[in-house]
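Reading through the structure tokens given below for one structure.
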Amino acid sequence: MHPLKVDQPYPFEQWWVAAFADEVKEDILGRKILGEEVILYRPEGGAVVALSGICPHRAFPLAKGCIKGAKVQCGYHGFEFDSDGKCVSVPNQKGVPTNSDLKSYPVVERAGLVWIWTGKAENADPDLIPDLDEVGLCDGWAWEQSPPIKVPGRFTLLIDNLLDLGHASFIHTDTIPGSEAVAMLPVSIIENGRTLNAQRIAEGFPSTNYKKFQFPEYEGEFDEHFDAEYYGPCLIRTGGASHKAGTGVYLGTQNFLHFITPETPYSCHYFVISARDFQVDNKALSQAMIDIGDQIAPQDVAAIGAIEQVLQTSDTLPREVSARADTSALKVRHLLESQIRREISARGTEEVPAS
Amino acid sequence: MHPLKVDQPYPFEQWWVAAFADEVKEDILGRKILGEEVILYRPEGGAVVALSGICPHRAFPLAKGCIKGAKVQCGYHGFEFDSDGKCVSVPNQKGVPTNSDLKSYPVVERAGLVWIWTGKAENADPDLIPDLDEVGLCDGWAWEQSPPIKVPGRFTLLIDNLLDLGHASFIHTDTIPGSEAVAMLPVSIIENGRTLNAQRIAEGFPSTNYKKFQFPEYEGEFDEHFDAEYYGPCLIRTGGASHKAGTGVYLGTQNFLHFITPETPYSCHYFVISARDFQVDNKALSQAMIDIGDQIAPQDVAAIGAIEQVLQTSDTLPREVSARADTSALKVRHLLESQIRREISARGTEEVPAS
Amino acid sequence: MHPLKVDQPYPFEQWWVAAFADEVKEDILGRKILGEEVILYRPEGGAVVALSGICPHRAFPLAKGCIKGAKVQCGYHGFEFDSDGKCVSVPNQKGVPTNSDLKSYPVVERAGLVWIWTGKAENADPDLIPDLDEVGLCDGWAWEQSPPIKVPGRFTLLIDNLLDLGHASFIHTDTIPGSEAVAMLPVSIIENGRTLNAQRIAEGFPSTNYKKFQFPEYEGEFDEHFDAEYYGPCLIRTGGASHKAGTGVYLGTQNFLHFITPETPYSCHYFVISARDFQVDNKALSQAMIDIGDQIAPQDVAAIGAIEQVLQTSDTLPREVSARADTSALKVRHLLESQIRREISARGTEEVPAS
């Protein structure tokens, strides 16, 4: 599916952010993830569980059901499921029908995020979740999360968006101070086997009110990172480190963490966290980061929605051309295509058992 | 089409309720029935006629036309049709084109309902309409009709809904007094060749304000019927008789008559009448029945709409499981599948004439 | 595609009105034409250009971009295109990728209209634009244009509408004085190799307030033209000449020029101009013509939208029948089918070079 050269719209053997941890409470949160209805809740206030959101009895959406202790009760005919998804009670009969359990999704709660595994349960290795300490979701950093966003476009358009920060010079000039310059910065691609970082460094970046707000004790110019680092389809880190210009003296790091989760083939969920390792107790700065995020995200969402609209309604599309600045985005597309192809291939192998 | 195991979405060789009789006046009422635009009107105030609602000239919807005496005039170019559907006048020419008549549907007006036959006209035997005296649309009973409803879901979901009244314990607890208990009542299936009744009897049903309103002179407990009787896809009767508990002394019957008519493969019309044989002149009780119906129906409509949404938007659905309480609903599905298969088979026979 | 008996929904080798000339300014106007996104603008205030409206880089709609001098800049990553569509600048690199030019459409500005050619550029002969002098868009005439309209129906329904003015007697009786009579007037078809005129002449047409407003110095009856002249799918002229009844004395001509441009297979743009050769400086009369147009067009739009809805949502349609008054509309359909078939055939020839 465009822009990927594979038919399957997304990889399933993958951890994704299903929700911010504080979105999920004792009561049911319904969310569509990779085309499937999922319900999330905390049985008796404990750890989050994620179950299929469709009652196998009459296809009623369980998000409209209710919680009875640790159990989910379907809102239509009262089938009850325990927190493992096991059907434990059906009104007016002893026992329950066969095959009436809900699918239970492996879930890990980490760094204020609820991670869900959408592939085969036996493959759900928590070590496959990106290292969140590395991006600043750890002690000693300040984080702020923005409200979750639904993007009316396929998740690959959001990945494309983030992997080429040059767009900042065109759609974010009024919201990101200094972003005019980003598009013209040379891009270095750094691959380390786990991530791919499209790194731009603005040397001698002039001070702005924003920079003074971040680093009030420093008066000079900056060497400023505009990274776009791909940790898998679920996470892209942008932002990066600030140094005193020309000195290598480290001032601090401001990361924006973009957690992306396909909702349907044509839409995605978008969870943004900003994280910094300086002025971690400055509430005004924290609020400013939230406010900036609230201004930037709608600009990206509008751009992606406009492209999705073009993709869905145009009779003919021009053949896509790419610029040199797209090298990192194209490499990421290839990584994603390879990931999906490996999945398809692994399924094929299973279906043809060795003789 | 789910949940039926046949491709054709509904039976055509069938009487359906097209409208309440008092909805149809001298002017045109347009209504989509089994996927076809139909117009209903009373030529010069007389008996209802039902004609195809699309002008064969340029496909203008005749519901936007007007009535001239007993004739329908297309609102676009003025073709005129008499009440049999015969094209009788075309502006600016003598005579009319061949094949320009409207399809005329057999119609029977009975018990305040306009019945339409959607199959072959020669099969339109009025005796195939369910016996409406039997369900209380006759002298000696009080009836109240609710406003017609459009349900945003396939008609089979409404049949499923009604055939398992156990749902009352989950979605109607705030609107049907005593409904909490319904799901746990044992179900007996009574088949008599014409109807299938999924019968629940609540013995020793406690009195409630509602029961006292119905039977003010009786103080004790009730043996209470919660029937769900299938008269064909067009009519399901719910409710039933009340007796003095443990005595067999008959107090009266409160029926709810659910007339169901497919609108499209994914939506249906829903006409509800309540009928009782006790306190037939009690206007306050009549109004209360209307009020209760106005509260209950939206709950069912919301549930069916939610399921239809799941069916249409989920990439994968869990395999359907059924409970013991579904036995009657499953039997009704089989009846409906058989009815549709007979139709398909009869069409096949006609197309291959005996040599 | 109904009502045409060809699959291709419209002819591409054709001039169409893309916009009124005064709609197009230095800034970008985006418009969908024959299923393709197009942008129109005046480089540095000069002659209109029309370019593909989708950036070949990441499919962003260029209508959301901006103008830099004579160039269009994509609003997402800043690709720049000159007014010929040539990609001239890509941020952060020397040179531009191959195949990154925008399609440029041949455009002619004539008589206050922007004409666009949607076929092969080498076939874009401006002489194929209908003769606009002939219909009154020339010196000595007064013209008034109505605001452009989007019609929620296929363009062929609008052509059908205009070619049988008999519909005026049914949907325009409250907006066109004297229109009751139109449907009963005999129709003559006049073909001259370039146009097809379905001509109705009302002899002894009585005076009305409207006619007195047009010709205040004349008191008698009129011989009144209700022409519907097809100049190709892009233009139909209605209205026509008024004479003193029975004398042949010419009073003047009031034309309504209907410029039609497919937007998608199921919708079209509609540009209306009224033009007259009498009382050309009477502003009140000009305003009256605009006001009448503003009342008539929504009636046609509603009718066409209703038919489009029927075509798209009805499971079965009656076989179309035609009246004698449709002869001209049917001839026009044949002309249109032939035009499309010639296109398809010409494409076939190119693809199979002579051996």
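The values are calculated or read from the model by the stated rules, or taken from the named source; none is laboratory data. This structure is a prediction, so every number in the text was calculated from the model and none was measured. Cβ placement follows ideal geometry from the backbone for every residue including glycine, while neighbour counts extend to all protein chains displayed. Accessible surface areas use protein heavy atoms only, side chains included; no ligands, DNA or RNA. Shrake-Rupley method; radii C 1.70, N 1.55, O 1.52, S 1.80 Å.
The table that follows gives values for the structure above.
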quantity: Under 12 Å, Cβ to Cβ, from B:M289 - net charge with Lys/Arg +1 and Asp/Glu -1; calculated: -1
quantity: Diffusion constant of chain A at 37 °C, which comes from Stokes-Einstein with the Kirkwood Cα-pair radius and 0.692 mPa s, µm²/s; calculated: 149
quantity: 1.4 Å probe, heavy atoms, protein only - residues of segment A:173-187 losing at least 30 Å² accessible area vs chain alone; calculated: A:M184
quantity: Overall dimensions of segment C:215-312 as given by Cα atoms, namely Rg and Dmax in Å; calculated: 16.3, 51
quantity: Which of A:V301, A:I340, A:Y105, positive extreme of dipole for the protein assembly as shown (C-beta unit charges); calculated: A:I340
quantity: Per-selection Kirkwood Rh - segment B:93-223 (Cα, Å, 1 d.p.); calculated: 19.4
quantity: Simple Cβ-charge dipole of chain A, Lys/Arg +1 and Asp/Glu -1, about Cα centre, in debye nearest 20; calculated: 980
quantity: Acute angle (nearest 10 degrees) that the helix C:283-313 long axis makes with the longest principal axis of chain C, alpha-carbon atoms; calculated: 70
quantity: Total formal charge among the other residues, if their Cβ is under 15 angstrom from that of C:L235, Lys/Arg +1 and Asp/Glu -1; calculated: -3
quantity: Segment C:240-271-segment C:127-174 distance, computed between alpha-carbon centres (Å); calculated: 5
quantity: Rounded accessible area per residue of chain A, 1.4 Å, Å²; calculated: 41
quantity: Debye intensity ratio I(q)/I(0), log10, segment B:250-355, q values 0.11, 0.16, 0.17 Å⁻¹ (C-alpha model); calculated: -0.63, -1.04, -1.10
quantity: Peptide B:160-172 - average C-beta neighbours from other chains (10 Å radius); calculated: 4
quantity: Peptide-level mean, for B:48-59, of C-beta atoms on other protein chains within 10 Å; calculated: 5
quantity: For B:F79, residues with placed amide H under 5 Å, excluding near neighbours; calculated: B:C74
quantity: Accessible surface of segment A:44-168 [probe 1.4 Å, protein heavy atoms]: carbon and sulfur percent; calculated: 48
quantity: Where B:D315, C:D131 fall by accessible area, highest first, once all protein chains stay in place (1.4 Å); calculated: B:D315, C:D131
quantity: Qualifying chymotrypsin sites (Phe, Trp or Tyr not before Pro) in segment B:28-84, DSSP loop, other Cβ atoms within 10 Å at most 14; calculated: none
quantity: Per principal axis, descending, Cα span of the protein assembly as shown in whole Å; calculated: 100, 96, 63
quantity: With at most 16 neighbouring Cβ atoms within 10 Å, loop trypsin sites (Lys or Arg not before Pro) (DSSP) excluded, longest segment of chain A; calculated: A:195-318
quantity: Whole-number percent relative contact order across segment A:230-325, with pairs defined as alpha carbons under 8 Å at least 6 apart; calculated: 17
quantity: Local electrostatic count at C:L185 - Lys and Arg +1, Asp and Glu -1, tallied over other residues with Cβ under 13 Å; calculated: -4
quantity: Shape of segment A:135-212, Cα gyration tensor, a/c cut at 1.5; calculated: rounded
quantity: Charged-residue dipole, Cβ positions (Lys, Arg, Asp, Glu), segment A:103-256 about Cα centre, Debye nearest 20; calculated: 500
quantity: Cysteines not pairable in chain A (beta carbon separation under 4.7 Å absent); calculated: A:C66, A:C87, A:C138, A:C234, A:C268
quantity: Leading residue at positive end of dipole, chain A (Cβ point charges), from A:H258, A:W16, A:P216; calculated: A:W16
quantity: Amide H contacts of C:W115 (H built 1.01 Å from N, under 5 Å, at least 5 apart or other chain); calculated: C:A18, C:V108, C:E109, C:R110
quantity: Dipole moment magnitude, nearest 20 debye, the protein assembly as shown about Cα centre, only Lys, Arg, Asp, Glu C-beta charged; calculated: 1020
quantity: Estimated Rh, segment A:1-81: Kirkwood, alpha-carbon pairs, angstrom; calculated: 13.8
quantity: Using alpha-carbon coordinates, inclination of helix C:327-351 to the longest axis of chain C, degrees; calculated: 20
quantity: Threshold 40 Å², segment B:318-339 residues less accessible with all protein chains present than alone (1.4 Å probe); calculated: B:P318, B:R319, B:V321, B:A323, B:R324
quantity: Loop-resident sites, segment C:1-89, for GluC sites (Glu not before Pro), counting at most 11 other Cβ within 10 Å (DSSP); calculated: none
quantity: Pairwise label distance in nanometres, C:Y250 with A:I344, each label 7 Å out on the Cα-Cβ vector; calculated: 7.0
quantity: Residue (of A:S242, B:I67, C:G85) at the positive-pole extreme of the protein assembly as shown, dipole from beta-carbon charges; calculated: C:G85
quantity: Proximal lysines to A:K71, defined as alpha-carbon separation beneath 23 angstrom and excluding residues fewer than eight positions away on the same chain; calculated: A:K25, A:K32, A:K86, A:K94, A:K103
quantity: Contact order normalised by residue count of chain C, Cα under 8 Å, 6+ apart, percent; calculated: 18
quantity: A/B buried area, accessible surface, summed, 1.4 Å probe, Å²; calculated: 2400
